[in-house]
Structure formats: C-alpha cells, structure tokens
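In what follows, a single structure is set out as structure tokens and then discussed.
Bear in mind that the values in this text are calculations on the coordinates, not laboratory data. Every value quoted in this text rests on a predicted model; they were computed, and no experiment measured them. Note: ideal-geometry Cβ built from the backbone for every residue, glycine included; neighbour counts use all protein chains shown.
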Amino acid sequence: MAEHLEAAKTAVLGLHLQKHMTDPASPVAQHTGFAEMVQKTNLFDKINRVLSAAREKGIFIAYVKLDLSPGDYRYPQRGEFCQFVAAEHEAGEVLRPGTWGYDLHDALVCQEGEPVILGRHISAFAGSDLDNALKTRGITDLVLTGVATNFVVTNTAWSAIDRGYSCLVLEDCCTSGSEEMHQDAIDHLRPIADIWQSHSFIDALTR
C-alpha cells in the first residue's frame, strides 16, 4: 500500500477483540498468553487512538466477533490451541452469545453505528458477511488490528488478498501469546501486507 491512504476506500477492522480472547479473567486468554500481552503492550490504548483518527476522516470501521454458537458448527479437534478451545466450547463457556466473554472488551471504545460482524472461524471472512460489507462500500484497502497476530490477523490477511483486497497490518495494534509469536507472524505477513506502526497510520491520515 502506498503512503497515501484514500479514506473512502479504506476500512479499519478490529478482529476478535472479545473478552474471551483478551481479558485476564478468561481461561482462554490466560492459557494462550493473550491477556498478558494485551496488558503488556497497552493494546487497547493504541487501537483506540487509531479508531479515533479513522473516525475523523470518515473511514469505515467494523469489528469482527468470533461466534461459536451451537448447532451444526463443529470446532476443529486437532492442534493444541484448537483442542483447548474445543473443550471449553463443548462445556458451553467460550464465545457463545449470552456468555460474559462473547462481548467486545470494555476497554475498546466503539461508537454507535459501527457494525459488529459475526464470523465462524479464525479468518474474519469465514462464515461472515464481511466481504459483502466491504464490497458494497467500495473498500479496497484493509487496516488490520486484533488478537491474535498469528491467528485471526494472519488468516484474515491471506483471505483478504485472495479476494483482491490490499492489507496494512498495524504491528503495535496486534498481539499474540508472546513477543516471539507476534514477531514471527509479522515477519511472515511482510510479503503480503504493509506493516506499519499505529503512529505512521495516524500521520498518513493528515497528509
């Protein structure tokens, strides 16, 4: 993506910023290390500054929540992370409507009218209406924030380029279970996305 950002064609996405994924009171966030890294990096402060700057320029903002409602959905059973989440999911505790952790974190400053889109898996495009919401608005460029860098951010970026979107990942507005996991994911994203710090994005909006 070039240094200039065209507000009308840009969207800022907040990915999986729910309490189950980010709050210290969540077993999932504790087990994965996400909660510790969210606090250590002051993640929500940085994301909120980005959201505020984007609103001033009229940039489309949306939040994608992971929705593991029961029914015909089967959460994958293989892999350490999937096995842990699947066990919690079977117990009826994780990422289901009506549970405490399903909501976006209280530290995230959202505004009325900013859509919350429900997805069914690790990519924000999987089982969601995200693609339609973006295409109907003429969006071509996605600014990605969220938890975790090596899960939803990475998978959403790959899904996005498959659909013809350009991606910009705000490195300090994402985190993972450790600094090493986060950095490894960022390094693997460099061939397919621009990697910026949040202050560079905010500065670009003033040009």
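Pulled fully out, how much extra length does the chain show between SER52 and ILE192, if you take 0.36 nm times their separation in residues and subtract their Cα-Cα distance? Before the final figure, lay out each step's value.
Values: separation 140, 0.36 × 140 = 50.40 nm, distance 2.64 nm.
Length gained, SER52 through ILE192: 47.8 nm.
For a protection proxy built on the mean count of beta-carbon atoms within 10 angstrom, sort 154-165, 5-16 highest first, please. Walk me through the numbers before you get to the answer.
Numbers: 154-165: 17.8, 5-16: 20.4.
Packing proxy ranking, top to bottom: 5-16, 154-165.
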Using 0.36 nm per residue of separation minus the Cα-Cα distance, give me the extension gain between THR41 and SER178 in nm, one decimal. 48.2 nm
Per-peptide average of other Cβ atoms within 10 Å, ordering 106-114, 43-51, 55-63 highest first: 43-51, 55-63, 106-114
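Please give the length that would be gained between ARG163 and ALA25 if that part of the chain were fully extended, namely 0.36 nm times their separation in residues minus their C-alpha to C-alpha distance (nm, one decimal).
46.0 nm
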Applied in sequence order to segment 134-150, the curve 6.51 cos²θ - 1.76 cosθ + 1.60 (Karplus, θ = phi - 60°) yields integer Hz couplings, x standing for Gly and Pro, of 6, 5, 5, 9, x, 6, 10, 10, 10, 9, 9, 9, x, 10, 10, 4, 8
Cut-off under 5 Å, modelled amide H: who pairs with CYS167 long-range: LEU142, ASP194
³J(HN,Hα) computed for each position of segment 6-23 - Karplus, 6.51 cos²θ - 1.76 cosθ + 1.60, integer Hz, glycine/proline x: 9, 4, 5, 10, 10, 10, 9, 10, x, 9, 6, 8, 8, 4, 4, 9, 10, 9
With Cα atoms, 0 to 90° folded angle of helix 179-189 axis to the chain main axis: 50 degrees
For segment 104-207: rounded, prolate or oblate by the Cα gyration tensor [a/c cutoff 1.5]: rounded
Taking H as built 1.01 Å from N, whose amide H comes closer than 5 Å to the amide H of THR145, not counting residues under 5 places away? LEU13, LEU15
Could you list which residues have their amide H under 5 Å from that of ILE117, counting only those 5 or more apart in sequence or on another chain, with H placed in the peptide plane? TYR63, VAL64, LYS65
Charge dipole of the chain built from unit charges on the beta carbon (Lys, Arg +1; Asp, Glu -1), centred at mean Cα; most positive-end Cα among THR156, PRO24, ASN42 is THR156
Here FRET efficiency (C-beta to C-beta, ASP129 to ASP106, R₀ 22 Å, nearest 0.05) is 0.30
